[in-house]
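Each remark here refers to the structure printed beneath this line.
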Amino acid sequence: MSSTGSTPVPAGGPQPPAPGRPGQPWFGPAPAPVPAAGRPQPWPLSPATPRPPSLLERRWPGPSGPAHPLVLAAVTAAAVIGASTLPMTRPGVGWLVAALVAAAALITADATRRGAFPVADTPARTSLGDAPGGPASPATTAAAEPATPTDPAKTAAAKPAGPTSPATTVAAEPAGTVPTATATPATAERPATVRPDATGVPGRAMRVAWAAATIALVAVGTVRAAGWLFVLCLLAAAVTAALAITGGRSPIGMLVAATLPPAAAARALPWTVRGLRRTRPAGPGIGRILTSLAVSAVLLVLFGLLFSSADAVFADLVAGLLPELAAGRAFGWVTRLLLLGLLLLGSAYLVNRPPDLDGLVRTPGRPVHRLEWSLPLALLDALFAAFVTVQLTVFFGGEKHVLRTAGLTYAEYARSGFWQLLVVTALTLLVIAIAARRAPRATRADRLLVRVLLGTLAALSLVVVASALYRMQVYADAYGATRLRLVVAAVELWLGLLFVLVGVAVVRLRAEWLPRLVVGTAVLALLGLALVNPDRLIAERNVDRYLETSRLDVIYLSGLSADAVPALDRLPAPLRACALREMTSELPQDGLWAANLSRERARRELAKTSAILGVPDCSDFWHR
């Protein structure tokens with residue numbers, strides 16, 4: 001308050017005289033006030049606006065700290081074992097061994113992420129009071145203070161002049177001060193919050209299921225000798241392994257999860273370098289661990305050579321365990337080591353900080369008018385119903401009806417329609433997906449119409465699938481079974497199962513679970529194909545056809561894998577000799593890591609068969 005006639009003094013202190021001539025008004029900008037002594041500037045510089053995080057930084061920021069030494073050691077050991085055991089030219093037990101040690105390395109990475117193996121020099125993992133003399137974190141300071149409410153001024157005055165947290169420093173400053181930029185550093189490392197569904201899967205059960213599927217697919221190479229089947233299993237195992245590591249429930253999330261491991265291998269290199277540079281005063285670092293491994297290798301080689309020279313049986317055992325040391329083999333081993341090391345580092349990087357794939361879903365499509373989608377679907381249902389009626393007539397009429405109506409043999413009729421029906425099956429799934437996305441569901445009538453039209457289309461499609469499978473059966477009986485025909489029939493069966501799942505989703509009008517079941521059923525179909533032993537099944541079908549019709553393609557049968565040897569042993573002696581002679585010449589001797597159950601069984605069968613010897617010419621039996 002000021003008395004009458006007194007001149008008020010500005011709150012910010014004395015002001016400089018206005019520019020211009022004395023006694024004349026000034027219409028320019030106001031002069032800057034002179035700051036009072038001991039007071040902060042009332043006009044602090046505004047900080048620069050930070051750049052918004054990109055989609056990659058928001059969805060997949062990656063681990064903030066360095067790689068754990070134990071993770072690096074586990075990845076190195078798994079890469080060395082995998083490079084030494086993988087039989088690159090054929091299926092064998094070494095593939096399963098490499099998959100198991102890789103799984104053990106990734107389990108170790110997951111355990112370190114959860115804090116099972118804390119590092120001594122990491123402040124975030126120490127308990128209260130473990131870091132004397134260091135700055136206390138906000139959480140530690142808050143936990144150490146008593147919960148009794150006190151006056152802020154007394155609390156600020158009673159605190160000692162020791163190192164405090166940024167939040168405490170701001171609270172202890174006098175009122176009116178402005179905290180500096182160093183009070184709350186923006187780059188301070190915060191402990192990562194681990195959510196149970198951070199990988200886009202509902203808990204750990206789904207990840208364990210994908211991991212088990214991966215091991216089962218790789219294990220096919222231990223019991224089956226068909227190379228084409230094992231290649232399909234390896235491709236499927238790559239997808240299931242990516243889902244086990246990264247997760248993903250939506251179609252977009254699952255597609256992104258399958259493409260992340262190569263990118264993770266590149267992003268894991270700086271993370272690995274930070275882990276290699278890390279020093280541990282309380283224990284051995286990665287450098288000492290590698291030195292210990294090198295010393296262990298030298299000792300094993302030295303004493304192993306001495307024991308091998310002293311005992312021939314032990315020398316044979318060591319020779320079977322170790323790969324042959326040649327220039328080409330050494331180069332291949334180093335190449336496998338580098339590739340497996342990069343792949344495992346990327347996988348460990350993903351396990352340490354998995355991406356968040358929950359929000360990667362498609363935006364709902366714009367619903368169309370009821371007539372725009374219901375009319376095409378109703379006409380398509382009518383067309384399917386007409387085709388199904390014809391198929392039922394063929395099923396009950398049999399071969400005479402086909403000959404009388406179409407003028408074709410039954411085998412020609414079946415051969416001319418299977419591939420078209422396979423395309424129809426795939427296109428029908430696409431039509432159902434688009435219609436389910438664009439059809440309105442606002443009213444009860446809309447939802448009922450969706451269930452009726454799409455449900456009818458799914459049910460009629462099952463009859464189309466049955467017709468295609470029946471045609472393939474007739475086709476194989478007339479012309480023989482082959483790998484392509486068997487695989488296509490398995491795909492058609494899988495598509496039929498998908499129509500059943502789609503029908504359930506249409507009735508419930510919910511399909512969040514459908515993408516996972518699509519991949520899961522595909523994996524089960526592939527494992528079922530491996531279980532029935534496709535090469536042996538093909539050989540048995542062709543042998544049965546020969547016993548009925550005396551027609552046999554010996555050249556094709558001789559190109560099958562060792563899985564078909566027990567079935568081909570049913571042929572008469574000359575044909576058996578011609579079919580098995582090629583397999584005998586191409587059946588290699590397996591080492592320890594290339595051991596295969598089917599090839600071992602084929603060797604025993606061939607050892608009992610003496611008819612493969614002394615056959616001069618097999619040209620009379622080709623394409624018989």
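The values are calculated or read from the model by the stated rules, or taken from the named source; none is laboratory data. The structure displayed is predicted, hence computed values, not measured ones. Neighbour counts run over all protein chains shown; Cβ positions are idealised from the backbone, glycine included. Side chains are part of the model used for accessible areas, which takes the heavy atoms of the whole protein and leaves out ligands, DNA and RNA. Shrake-Rupley method; radii C 1.70, N 1.55, O 1.52, S 1.80 Å.
Just one of (1) in a helix (DSSP H, G or I); (2) surrounded by fewer than 22 Cβ atoms within 10 Å (Cβ to Cβ); (3) of a type in the set (A, V, I, L, M); (4) at pLDDT below 80 trips up Met254, so point out which.
The single condition Met254 does not satisfy is (2).
Of all residues in the range 481-508, how many are over 20 Å from Ile432 (Cα atoms) and either in contact with a Lys or Arg (Cβ under 7 Å, 6 or more places away or on another chain) or not in a helix (DSSP H, G or I) (or both)? Lay out the reasoning, then the answer.
At the first step, the residues of the range 481-508 found to be over 20 Å from Ile432 (Cα atoms) are 481-490.
From the residues that got through so far, the ones that are either in contact with a Lys or Arg (Cβ under 7 Å, 6 or more places away or on another chain) or not in a helix (DSSP H, G or I) (or both) too are 481-482.
Qualifying residue count, the range 481-508: 2.
Restricting attention to the range 556-580, which residues are open to solvent by 10 Å² or more (accessible area, probe 1.4 Å) and farther than 18 Å from Asn533 by Cα?
Pro572, Ala573, Pro574, Arg576
Any chance the range 395-412 includes a residue that's more than 26 Å from the chain's Cα centre (by Cα), modelled with pLDDT of 80 or more and surrounded by fewer than 16 Cβ atoms within 10 Å (Cβ to Cβ)? Spell out how you get there, then give the answer.
So the first thing to find is which residues in the range 395-412 are more than 26 Å from the chain's Cα centre (by Cα), and the list is 395-412.
Of the ones still in play, those that are also modelled with pLDDT of 80 or more are none.
No, every residue in the range 395-412 fails to be more than 26 Å from the chain's Cα centre (by Cα), modelled with pLDDT of 80 or more and surrounded by fewer than 16 Cβ atoms within 10 Å (Cβ to Cβ).
Among the listed residues Ala511, Ala478, Ala459, identify the single one that is aliphatic (A, V, I, L, M), farther than 24 Å from Ala385 by Cβ, touching a residue at least 40 places away in the same chain (Cβ under 8 Å) and part of a helix (DSSP H, G or I). Working first, answer last.
On the way: Ala511 fails: part of a helix (DSSP H, G or I); Ala459 fails: farther than 24 Å from Ala385 by Cβ.
Exactly one residue qualifies, and that residue is Ala478.
Considering the range 87-117 alone, what residues qualify as being open to solvent by 40 Å² or more (accessible area, probe 1.4 Å) and of a type in the set (Ser, Thr, Tyr)?
Thr89
Under 30 Å from Arg207 (Cβ atoms) and modelled with pLDDT of 85 or more: is that true of Val554 in this structure?
Values: under 30 Å from Arg207 (Cβ atoms): no; modelled with pLDDT of 85 or more: yes.
So Val554 fails the test.
Is it fair to say Val487 is open to solvent by 20 Å² or more (accessible area, probe 1.4 Å) and of a type outside the set (Phe, Trp, Tyr)? It would help to see each step written out before you state the result.
Working: open to solvent by 20 Å² or more (accessible area, probe 1.4 Å): yes; of a type outside the set (Phe, Trp, Tyr): yes.
Considered against the rule, which asks whether it is open to solvent by 20 Å² or more (accessible area, probe 1.4 Å) and of a type outside the set (Phe, Trp, Tyr), Val487 comes out as yes.
Tell me yes or no: at least one residue of the range 325-340 is crowded, with 20+ Cβ neighbours inside 10 Å, out of contact with any Pro (no Cβ under 9 Å at 6 or more places or on another chain) and either assigned to a helix (DSSP H, G or I) or at pLDDT below 80 (or both). Steps first, answer last, please.
So in the range 325-340, the residues crowded, with 20+ Cβ neighbours inside 10 Å come out as 340.
Right, trim to out of contact with any Pro (no Cβ under 9 Å at 6 or more places or on another chain) and you get 340.
The next check asks that each one be either assigned to a helix (DSSP H, G or I) or at pLDDT below 80 (or both); those that pass are 340.
Yes, because at least one residue in the range 325-340 is crowded, with 20+ Cβ neighbours inside 10 Å, out of contact with any Pro (no Cβ under 9 Å at 6 or more places or on another chain) and either assigned to a helix (DSSP H, G or I) or at pLDDT below 80 (or both).
So that you can scan it fast, the table gives a plain yes or no per residue for (1) surrounded by fewer than 19 Cβ atoms within 10 Å (Cβ to Cβ); (2) of a type outside the set (Ser, Thr, Tyr):
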residue: Leu430; (1), (2): yes, yes
residue: Arg451; (1), (2): yes, yes
residue: Thr456; (1), (2): no, no
residue: Ala481; (1), (2): no, yes
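Might you check whether a residue that is open to solvent by 10 Å² or more (accessible area, probe 1.4 Å), within 24 Å of Pro566 (Cα to Cα) and out of contact with any Cys (no Cβ under 9 Å at 6 or more places or on another chain) occurs anywhere in the range 499-510?
no
Out of everything in the range 296-324 that is closer than 30 Å to Ala109 by Cα and open to solvent by less than 80 Å² (accessible area, probe 1.4 Å), what residue ends up being modelled with the highest pLDDT?
Among those that are closer than 30 Å to Ala109 by Cα and open to solvent by less than 80 Å² (accessible area, probe 1.4 Å), it is Ser296.
Here is a yes/no grid of residues against (1) over 20 Å from Asp356 (Cα atoms); (2) modelled with pLDDT of 65 or more; (3) open to solvent by 40 Å² or more (accessible area, probe 1.4 Å); (4) polar (S, T, N, Q):
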{"residue": "Ala37", "(1), (2), (3), (4)": "yes, no, yes, no"}
{"residue": "Pro42", "(1), (2), (3), (4)": "yes, no, yes, no"}
{"residue": "Thr49", "(1), (2), (3), (4)": "yes, yes, yes, yes"}
{"residue": "Pro52", "(1), (2), (3), (4)": "no, yes, yes, no"}
{"residue": "Arg59", "(1), (2), (3), (4)": "no, yes, yes, no"}
{"residue": "Gly65", "(1), (2), (3), (4)": "no, yes, no, no"}
{"residue": "Ala74", "(1), (2), (3), (4)": "yes, yes, no, no"}
{"residue": "Ala77", "(1), (2), (3), (4)": "yes, yes, yes, no"}
{"residue": "Thr85", "(1), (2), (3), (4)": "yes, yes, no, yes"}
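State all residues of the range 231-251 that are open to solvent by less than 10 Å² (accessible area, probe 1.4 Å) and either in a helix (DSSP H, G or I) or among the polar types (S, T, N, Q) (or both); if no residue qualifies, say none.
Going residue by residue through the range 231-251, those that are open to solvent by less than 10 Å² (accessible area, probe 1.4 Å) are 233, 237, 240, 242-243, 246-248.
Cys233, Ala237, Thr240, Ala242, Leu243, Thr246 - these are the residues of the range 231-251 that are open to solvent by less than 10 Å² (accessible area, probe 1.4 Å) and either in a helix (DSSP H, G or I) or among the polar types (S, T, N, Q) (or both).
Looking only at the range 590-624, count every residue that is at negative phi, at pLDDT below 80 and not aromatic (Phe, Trp, Tyr) and tell me the total.
At the first step, the residues of the range 590-624 found to be at negative phi are 590-613, 615-622, 624.
Filter again for at pLDDT below 80, leaving 607-613, 615-622, 624.
Add one more test, that the residue is not aromatic (Phe, Trp, Tyr), and what stays is 607-613, 615-620, 624.
Residues that pass the stated criteria total 14.
Looking only at residues in the range 344-372 that are of a type outside the set (Val, Ile, Thr) and open to solvent by 90 Å² or more (accessible area, probe 1.4 Å), which one is modelled with the lowest pLDDT?
Initial filter on the range 344-372 (of a type outside the set (Val, Ile, Thr)): 344-350, 352-360, 362, 364-367, 369-372.
Applying the additional criterion that residues be open to solvent by 90 Å² or more (accessible area, probe 1.4 Å) yields 362, 364, 366, 369-372.
Values: Arg362: 66, Pro364: 63, Arg366: 72, His369: 79, Arg370: 78, Leu371: 81, Glu372: 81.
The extreme case among them is Pro364.
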